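First up is the structure itself, then whatever we jot down about it.
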Amino acid sequence: MKTRKGNGEGSCRKIAQGKYECVIQSNLINPKTMKPKRFMRRGATEKEARAAAVMAMQAWEREYRNSGNDINFKKSKLFGEYMKEFMENKVKGTITDSGYYSYYKSMERYFHPYRISKFQLHNLSVKAFQDYYDEICQKYSKKTCSLPIQLCRRLCRDLVNRSLIPEDYASQAMPKKEVIDEYNRERQETEDQRKEIFSREDIIKFYNEWKSHLHNSQYDVVAVFLLETGLRAQEFAALQNSDIDFEKSIITVKRAVGRRFADEDGGKIEGYLKVPKNKKQRIVYLSDIAKECVVDMQQRTATHCGENKDDLLYPVFRKPYRARSNSTMEAGFKTLCNFLDIYRGVRQGKNGIKGLCLHGLRHTFITYANTASENNSLVVSMMAGHQQRVGETVYTHENIEAMAQIQTPGKLFIDDAKPKHSIEIGDQDYREFLEFKKWKEQQEKNKNYLTQDEQVVNKML
């Protein structure tokens, strides 16, 4: 039986048992046929078929008015395909290249392998998203699940605005919170015994290895330096010699090493320099031990690197002499810990093997600095990069003085643990380095006062 509808609403008919077909006509002209654009959709009921046809018409009209494109929306297109388009067109331009790379990899692991990404738009529902949220929340931490959940909600709102789905199903579904049994003592004891920072004994092992260099590791000096400064590994890898001011005893953290896609196709991955986290520069105080580390790294770089065009403090020791990648540093650091018999709290987590890594050195610095009785947590926070801005020049001098009072792991443990002569040797090396640097600067100044004849004679000599 065929039921006629008014102009602009179309018609609906029953074509089989439990199946209806609706044809609706737009007021806009189809640029291909120069006739009003028509849309045909089917459904289990007359209401369902009409709603689908109206949505298809509204989606086409919206796209045609906004961009002039005559697009036929494919019913077979999957939700995962819409997600890839959404990330490329709506997300990519709003975050950094390294941020987009991180988003892409996260969705590749925590969204696309799941059923929700294989659904067509008409199969989406609140239950479909609820099932997806529950599944990933059982496997991964709340922090890990937050990104795919947020992107699903953002995409659904976009699809609603484009009239491709009737409701924001993703926002209606709510991830279940993990219920922890307060009386599960075995689990609580396991959590309490988990190693979260490096111990006093570990710190002394790092220091002694750096001084003795028994295992010929490139990362003994890195471990001590990160313990003394609290730098992130990516910030350390991007440090340049020009960022270091020995006279003021500070480092200006201006950049960090990131990863991004080298081309638009999302294939090849490349490393690049980006602004630090929070997009703010900051200053970090150099303790005496940190200064020794800087001198050591400069000497190693001069010995092993034939060229250092980027003026990096500690580049890789092979061509091309570029900034160290996070994966390379992590591998070297884990090897060092194995050599020194340092337990990193390795355990089987929900997302693979977990344990203390290079970032654990930063956590160790912040933990000991915050728990030392002489330290100010606000000053520690500034040095860690949570609040401090280089542009706040009015307070820069006061900040440096305050940072100089921070009890670093070296001040807390190493000075008491190392022999007296090692302090003297370290100080002597540093004094000799400063004297040599001052002499070289004076020589450069003297060249400006030499005549051309004197310069020729000096070259001959």
When the solvent-accessible surface of protein heavy atoms is calculated with a 1.4 angstrom probe, in what order do Val275, Val295 fall, highest first? Val275, Val295
Within the stretch 292-340, list the GluC sites (Glu not before Pro) lying in a DSSP loop whose Cβ has at most 12 other Cβ atoms in a 10 Å radius. Glu307
Cα gyration tensor shape of the stretch 238-350, rounded if a/c is under 1.5, else prolate or oblate by comparing a/b with b/c: rounded
With a/c under 1.5 counting as rounded, go ahead and sort the stretch 204-285 into rounded, prolate or oblate using the C-alpha gyration tensor (a ≥ b ≥ c being the square roots of the eigenvalues; past the cut-off, prolate if a/b is larger than b/c, else oblate). oblate
Applying a 10 Å radius around every beta-carbon, put 209-221, 25-37, 46-58 in order of their mean neighbour count, most first. 46-58, 209-221, 25-37
Can you tell me the dipole magnitude for the stretch 21-158 around its Cα centre, using point charges on the Cβ only (Lys, Arg +1; Asp, Glu -1), in Debye to the nearest 20? 100 debye
According to the square roots a ≥ b ≥ c of the eigenvalues of the Cα gyration tensor, what is the shape class of the stretch 99-173, taking rounded for a/c under 1.5, prolate for a/b larger than b/c otherwise, and oblate for the remainder? prolate
Distance violations [Cα-Cα > 24 Å] among Lys37/Lys127; Lys105/Lys274; Lys37/Lys118; Lys205/Lys291; Lys139/Lys176: Lys37/Lys127; Lys37/Lys118
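The values are calculated or read from the model by the stated rules, or taken from the named source; none is laboratory data. Being a predicted model, the structure only gives us computed values, none of them experimental. A quick note on method: Cβ atoms are made from the backbone with ideal geometry, for glycine too, and the neighbour counts reach across all protein chains shown. Side chains included, ligands, DNA and RNA excluded: accessible areas come from the protein's heavy atoms. Shrake-Rupley method; radii C 1.70, N 1.55, O 1.52, S 1.80 Å.
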